[in-house]
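J.: Let me begin by handing over the structure; questions about it come next.
The values are calculated or read from the model by the stated rules, or taken from the named source; none is laboratory data. This is a predicted model, so every value here is computed, not measured. All Cβ positions, glycine included, derive from the backbone under ideal geometry; neighbour counts span all protein chains shown.
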Amino acid sequence: MHVFRLGSSREFLEVVLPPEIKSQNWAKASVNLAVEGFVGNLQTFFDKDDFSEFLRQLKELNRTLLGKAKLEPLDQQCMLCLSVDARGHLKIEGEASSRVSSGNRLTFEFELDQSYLPEPLGQVEAIVQNWTEE
């Protein structure tokens, strides 16, 4: 099992990928979400390239504390955008849908301190490394 978790114990987004992602270009993931007033879970698909690009952007965001890092799969069922403001706050914005192209849609945002960035960066890096190993 591969896990990417961003947030605190109170507000978070967690993506859980299966252990057998190496031989596939895509993987079915479980997304767990808790934000003020809402708790949910959905099943969606991510492509290997979605995580590779997200990792590239996360590394740059962590290095410069400027810009954005986006996880934007083609089906747009679960999208995520991270940015850091001038005061060092890590802003997490996203959208999650119960089904692709239809169903219920939750738009969410929460803030953390930038010190919360290195751990999920390492988790995404491990996912990408494992996904690309032959």
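J.: How do the pairs read when you match residues in the stretch 47-68 that are hydroxyl-bearing (S, T, Y) with residues anywhere that are at pLDDT below 95, using Cβ under 7 Å and keeping only pairs 6 or more apart or on different chains?
T.: Qualifying pairs under 7 Å: S52/V128.
J.: Still on this structure, I have one more. So is E60 acidic (D, E), modelled with pLDDT of 95 or more and loosely packed, with under 15 Cβ neighbours inside 10 Å or not?
T.: It is true that E60 is acidic (D, E), modelled with pLDDT of 95 or more and loosely packed, with under 15 Cβ neighbours inside 10 Å.
J.: What's the total number of residues in the stretch 28-57 that are surrounded by fewer than 19 Cβ atoms within 10 Å (Cβ to Cβ), of a type in the set (F, W, Y) and touching an Asp or Glu at 6+ places or on another chain (Cβ under 9 Å)?
T.: Going through the stretch 28-57 one residue at a time, the tally reaches 1.
J.: Considering only the stretch 41-68, state which residues are in contact with a Ser or Thr (Cβ under 8 Å, 6 or more places away or on another chain) and on the phi < 0 side of the Ramachandran plot.
T.: Hits for the stretch 41-68 are N41, L42, Q43, K48, S52, L61, K68.
J.: Restrict the check to the stretch 92-113 and report whether at least one residue is in contact with a helix residue (DSSP H, G or I) (Cβ under 7 Å, 6 or more places away or on another chain), modelled with pLDDT of 90 or more and closer than 16 Å to L71 by Cβ.
T.: Within the stretch 92-113, not a single residue is in contact with a helix residue (DSSP H, G or I) (Cβ under 7 Å, 6 or more places away or on another chain), modelled with pLDDT of 90 or more and closer than 16 Å to L71 by Cβ.
J.: What do you reckon, is D85 at pLDDT below 95, closer than 21 Å to E111 by Cα and not aliphatic (A, V, I, L, M)?
T.: Answer is yes for this residue.
J.: Checking N25 against (1) loosely packed, with under 14 Cβ neighbours inside 10 Å; (2) farther than 21 Å from A126 by Cβ; (3) out of contact with any Phe, Trp or Tyr (no Cβ under 8 Å at 6 or more places or on another chain), which single condition isn't satisfied?
T.: The failed condition is (2).
J.: If I filter the stretch 87-112 down to residues being exposed (fewer than 12 other Cβ atoms within 10 Å of the Cβ) and in contact (Cβ under 8 Å) with a residue 12 or more places away in the chain, which single residue comes out as nearest to the chain's Cα centre (by Cα)?
T.: T107
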